[in-house]
Amino acid sequence: MSKRVRLVTVLGGMLALTACQSVWEFPHRDAYAALRAIKTGATEPEIRRALGEPDFVHPKGTLPRVYCLPGRACTDRAVSGRLLVYVRGKPSAYYFLDATGRVEFVYVGGA
């Protein structure tokens, strides 16, 4: 197989994966957009003003086996400050706060 054919095949596969993700998220696009609008550096009060009360709050040191919601995408990360978890139908978001109360990592995934 030539380099050109391989390149077209790889690019086509990447485009197909992107399209699948877009189709999967389409019915929930507003919820995904709201959850993804929270960025690194945001404070807990800013998150709560934007999204309301979290569905779950976990303290420093909580293990992923405790905070990961069953049947949903999750990330394996240490909780260094607090963890705020929001569930909006299919999408869910994990906001990892540092010791100063600012977002150090955001993970948004689906069911």
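The values are calculated or read from the model by the stated rules, or taken from the named source; none is laboratory data. The model shown is predicted, which means the values in this text are computed figures rather than measured ones. Please note: Cβ atoms are built from the backbone with ideal geometry, for glycine as well, and neighbour counts cover all protein chains shown.
Tabulated values for the structure
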read-out: Residues (in contact with a helix residue (DSSP H, G or I) (Cβ under 9 Å, 6 or more places away or on another chain) and either part of a strand (DSSP E or B) or more than 15 Å from TYR32 (Cβ to Cβ) (or both)) located in segment 87-97; value: SER92, ALA93, TYR94, TYR95, LEU97
read-out: Subset of segment 89-104 [β-branched (Val, Ile, Thr) and surrounded by 15 or more Cβ atoms within 10 Å (Cβ to Cβ)]; value: VAL103
read-out: Complete set of residues in segment 69-86 that are hydrophobic (A, V, I, L, M, F, W, C), at pLDDT below 95 and either touching a His at 6+ places or on another chain (Cβ under 9 Å) or under 19 Å from LEU35 (Cα atoms) (or both); value: LEU69, ALA73, CYS74
read-out: Verdict on ARG48 being surrounded by 12 or more Cβ atoms within 10 Å (Cβ to Cβ), part of a helix (DSSP H, G or I) and of a type in the set (Lys, Arg); value: yes
